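Step one of this worksheet: look at the structure below.
The values are calculated or read from the model by the stated rules, or taken from the named source; none is laboratory data. These numbers were taken from a predicted model, which means no experiment stands behind them. For neighbour counting, all protein chains shown are included, and Cβ atoms are generated from backbone atoms with ideal geometry for every residue, glycine included. Each accessible area value is taken on the protein alone, full model and side chains, heavy atoms only, with ligands, DNA and RNA left out. Shrake-Rupley method; radii C 1.70, N 1.55, O 1.52, S 1.80 Å.
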Amino acid sequence: MTTVGTNSLTIEPVAGALGAVVTGIDLTRVFESEELEGVRQALADHLVVFLPGQRITLDDLERVTDLLGGRGVTPFVMPLEDRPFVIRVIKEPNDALNFANAWHTDLSYLPEPPSYTLLHAWDVPDHGGDTVWSNQYLAYASLSGGLKRTLAGLRAVHSAGMAYGTGGLLDKVKDFTSMAISPSPEAYQEQVHPVVVAHPVTGRPALYVNPVYTTRFDGWTPTESQALLGHLHHHSINENFTCRLRWSVDTLAIWDNRCTLHNALNDYPGVRREMYRTSVKGTTPQALR
């Protein structure tokens, strides 16, 4: 446990790989960017932070998002009618599917993927519905020297088409979820990013591929890419790299998309879960030099 900053933040790690509970700050009273410096440092140190007991409104959620760097749009998911930067993450009791039930990095198919994601819990099951994160610094660091040298020259193609494209997975299963998904042919557009990125804040190298949005290596065919991508996907979610959150109402989770993967577990049939999510604007991923 550590205590830092003018807000007397208490930071308690939850796992050896990543994740920390942060207390000692009331986000309803935070109005200046400098007041979040301790949270930013906790994110740099722990990659994902959990702030319990944050009884914030959607106005508060958007304000904190702005203070962390500005709101970004989430394509292919319909936002709230009066809040174009907020999406409702919902699973009703009769839904078979939940949202984000696969290992991924948020919006890696964009030219400038989000730096952080904020997710605030309004209604949660009394058991189940946990979210798991994986540390992609550790995923890269634990690769062999030979594989690191191979990946240093590679770039990967990312696309939302498999998930959000017209005729894609979420289009086919839209009757099994209450999520406001908006499939589009534009989801098949492609974006190329380095396979290993240098974090813009810490400078540390992180593996930057994920099984939902990474389709192949740039210049390779999907068939040629399959074996190595499959190995990296399996390696990147080794249980030794992970932490897990048991949600409670009013918990706010914030995570760094530049160095983590996450997966929302779908193990709560017949139970309602409601959350609200925003994204913080990011920058173009840069290769490790």
Test result for residue 31, open to solvent by 20 Å² or more (accessible area, probe 1.4 Å) and under 16 Å from the mean Cα position of the chain (by Cα): no
Condition check for residue 198: out of contact with any helix residue (DSSP H, G or I) (no Cβ under 8 Å at 6 or more places or on another chain), of a type in the set (A, V, I, L, M) and within 20 Å of residue 143 (Cβ to Cβ): yes
From the options 222, 200, 211, residue that is open to solvent by 20 Å² or more (accessible area, probe 1.4 Å) and in contact with a Phe, Trp or Tyr (Cβ under 8 Å, 6 or more places away or on another chain): 211
Verdict on residue 216 being open to solvent by 80 Å² or more (accessible area, probe 1.4 Å) and farther than 22 Å from residue 266 by Cα: no
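For every residue, the table says whether it meets (1) under 19 Å from the mean Cα position of the chain (by Cα); (2) farther than 22 Å from residue 149 by Cβ.
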position	(1), (2)
174	no, yes
183	no, yes
190	no, yes
206	yes, no
211	yes, yes
214	yes, no
219	no, no
222	no, yes
225	no, no
Selection count, segment 119-161, where residues are part of a strand (DSSP E or B), among the polar types (S, T, N, Q) and touching a helix residue (DSSP H, G or I) at 6+ places or on another chain (Cβ under 8 Å): 3
Within segment 64-91, considering residues that are surrounded by 19 or more Cβ atoms within 10 Å (Cβ to Cβ) and among the β-branched types (Val, Ile, Thr), the one nearest to residue 24 (Cα to Cα): 64
Check on residue 248, closer than 23 Å to residue 42 by Cα, of a type in the set (Ser, Thr, Tyr) and crowded, with 23+ Cβ neighbours inside 10 Å: no
Within segment 105-143, tally of residues that are open to solvent by 20 Å² or more (accessible area, probe 1.4 Å), closer than 23 Å to residue 95 by Cα and of a type outside the set (A, V, I, L, M): 4
Residues that are touching a helix residue (DSSP H, G or I) at 6+ places or on another chain (Cβ under 8 Å), touching a residue at least 60 places away in the same chain (Cβ under 8 Å) and either within 16 Å of residue 282 (Cβ to Cβ) or open to solvent by less than 50 Å² (accessible area, probe 1.4 Å) (or both), drawn from segment 48-63: 49, 51, 54, 56
